[in-house]
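The block underneath contains the structure these notes are about, expressed in structure tokens.
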Amino acid sequence: MADVKPTVDSPNSSASAPPASWFARHKDKLWWLHSAYALLLGVGIMWLGARNYNFLRVTVLHVGFIWLSSLYLPRLLNRPWLAPRWAERLRLLVNFFNKNLYQQVLFFILPIYYGSATLSSGNLFFVLLLALSALMSTLDVVYDRHVSVRRGLTALFFAFNLFALINVMLPVLWSIGNNWATRLSALLAALGYATILRPFAESKKWQRGFAAAVAVVLVVLVELARPLIPPAPLRLVAAEFGSEYLADTKAVAPVLSEVETGPARRLHVLTPIKAPLGLRETVQHRWYKNGKLVWASPFIQVTGGREQGFRLWTNYLFDVIEPGAALRVDAVTEGGQLIGRVRVKATS
């Protein structure tokens, strides 16, 4: 087909142009406007995700649709009876549904992970990745022209988001501890990655082997990177140091904003940990002085469902606390995921 040279529009050309022609000229601007709308809608979904976990039950259908459409859409688009113009329209239509489903899922779980992250630790990096993924799902031009047209990116995008969803869904809906939830989520994410990257029915033997090998690597990486993943939905409500622990009120007193220096100083710490009803998690306190681990408490089972959080309390006797010493306590799961930390400094 011969190239068509651009012509200069007459003053009335915009008014007389058919709607399809007008949309073709302005479609990028319209997609960016839709992206802005999707981002604003995502903020509203974040508000919901921070207050109500019930939506997680519906997300199984969201993920199922995304997986099936990502798996079978390439086959459909390659059918000889489907004209290229209609194939492109069908791809954009499926992308539209997938992006909206991704947005609902990712913006819902983002505040849950943020509430479980510790700002001064490495697990905030996972939250930033999740936020980037949520943002990408709102950028129509980026998703349609880059993510959805490259099978490797589509598979990786789906696997990461599936892991993030299942990892928080298992503890909330089925009371599975974070240790096993992370492993099961990694296995399901690896399966999703392998099937989308190279469907077994249409792949060669070496391609199936490559997809399986990459999936195994993903599982191993998740296991090694466990300390960088927030233990959602566990979160630290408030944490306090004190010179005494009052068993009748289950509180420390007085609450210390700084610690006196000197020999043989015993400190108490209280870390209320909030978790969904029915969830049981094994947690310990790790005491540090000037960044060095001085004592780790035995593991204690935390039970969820308490509005003020499970009040985990331990104490430690320091041989000496020097002027300016930095003390901290980390609340950590059995799998090494940081729930939260509290710090206090010694008087100079």
Protection proxy ranking, peptides 289-297, 138-146, 168-176, 67-75, average beta carbon neighbours within 10 Å, highest first: 168-176, 138-146, 67-75, 289-297
Estimated distance in nm for a label pair at Ala213 and Arg89, the labels positioned 7 Å out from Cα along Cα-to-Cβ: 4.3 nm
Can you compute the modelled spin-label distance between Glu322 and Val58, with each label point 7 Å from Cα toward Cβ, in nm? 5.8 nm
Put a dot 7 Å past each Cα toward the Cβ at Leu71 and Ala131; how far apart are the dots in nm? 3.4 nm
Taking 1 over the mean of 1/r across every pair of different Cα atoms in the range 235-346, what Kirkwood radius in Å do you get? 14.2 Å
If r is the Cβ-Cβ distance from Trp180 to Arg151 and R0 is 41 Å, what FRET efficiency results, to the nearest 0.05? 0.85
Backbone N within the range 257-272 under 15 Å of label point (7 Å from Ser348 Cα along the Cβ vector): 258-259, 261
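Every read-out reported here was derived from the displayed coordinates using simple, explicitly stated rules and does not represent laboratory data. All figures in this text were calculated on a predicted structure; none of them were measured in a lab. Glycine gets a Cβ as well: all are built from the backbone with ideal geometry, and neighbour counts include every protein chain shown.
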